[in-house]
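The values are calculated or read from the model by the stated rules, or taken from the named source; none is laboratory data. Since the structure is predicted, the reported quantities are computational estimates derived from the model, not experimental observations. Neighbour counts run over all protein chains shown; Cβ positions are idealised from the backbone, glycine included. Each accessible area value is taken on the protein alone, full model and side chains, heavy atoms only, with ligands, DNA and RNA left out. Shrake-Rupley method; radii C 1.70, N 1.55, O 1.52, S 1.80 Å.
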Amino acid sequence: QVQLVESGGGSVRPGDSLRLSCSVSGRTSDHYSMAWFRQAPGKEQEFVAAIRWDGEMTLYATSVTGRFTIAADNAKNLVHLQMNNLKSDDTAVYYCATATKWNGSYRPGYEDWGQGTQVAVSA
């Protein structure tokens, strides 16, 4: 069984930075890619960023391009999301997910999910 645990969320001001981490345990040998999604209050869950475990392929939502960076540490089974220049619109619960193939932003393709970590951005 696969377990994903997110960490690093918190409350910050606009313009600040946060680094989220996702620890993956279990049948990690089957995993090919990881992604971050987020869900703001009253909104549907949306794609944020994805990465192939070898780090050679990444994809970002337009809204975070240039501000967020996804990185994989496959030796430690960790995926990080560095979030810079945070905006109030980034307020959401952030979830990491894993898949056995490249799915990009295609949410149904991700098979295992973490419980989420809250990010709140306000002045």
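For the stretch 87-108, how many residues meet the condition of being within 14 Å of Q45 (Cα to Cα) and surrounded by 14 or more Cβ atoms within 10 Å (Cβ to Cβ)?
Final tally of qualifying residues: 10.
Figure legend. Inter-residue proximity from the stretch 93-114: first residues closer than 14 Å to V79 by Cα, second residues hydroxyl-bearing (S, T, Y) and in a loop (DSSP other than H, G, I, E, B), beta-carbon distance below 6 Å, spacing 6+ or different chains. Indicated pairs: A97/Y110; A99/Y110. Scanning the stretch 1-33 for residues that are touching a residue at least 12 places away in the same chain (Cβ under 8 Å) and among the polar types (S, T, N, Q) yields Q1, Q3, S7, S11, S17, S21, S23, S25, T28, S33.
The set of residues in the stretch 35-74 that are basic (K, R), surrounded by 14 or more Cβ atoms within 10 Å (Cβ to Cβ) and within 19 Å of W113 (Cα to Cα) comprises R38, R52.
Screening the stretch 1-56 for residues that are among the aromatic types (F, W, Y) and touching a Ser or Thr at 6+ places or on another chain (Cβ under 6 Å) and picking the one that is modelled with the lowest pLDDT gives Y32. Evaluating S11 against the criteria (1) assigned to a loop (DSSP other than H, G, I, E, B); (2) open to solvent by 50 Å² or more (accessible area, probe 1.4 Å) leaves one unmet condition, (1). When the stretch 54-87 is filtered for residues that are in contact with a strand residue (DSSP E or B) (Cβ under 6 Å, 6 or more places away or on another chain), assigned to a loop (DSSP other than H, G, I, E, B) and within 15 Å of H31 (Cα to Cα), the ones remaining, listed by number, are G55, N77. Whenever a residue of the stretch 34-51 is outside any strand (DSSP E or B), its partners that are open to solvent by less than 10 Å² (accessible area, probe 1.4 Å), lying with C-beta atoms within less than 6 angstrom and at least six residues away or across chains, give the pairs A40/A92; Q45/F37. Test N84 against the stated conditions and say whether it is under 18 Å from V2 (Cα atoms), touching a Ser or Thr at 6+ places or on another chain (Cβ under 7 Å) and either modelled with pLDDT of 95 or more or open to solvent by less than 60 Å² (accessible area, probe 1.4 Å) (or both). So N84 does not fit the description; no. If the condition is being out of contact with any Lys or Arg (no Cβ under 9 Å at 6 or more places or on another chain), of a type in the set (S, T, Y) and open to solvent by 30 Å² or more (accessible area, probe 1.4 Å), then the stretch 18-34 contributes S25, T28, S29.
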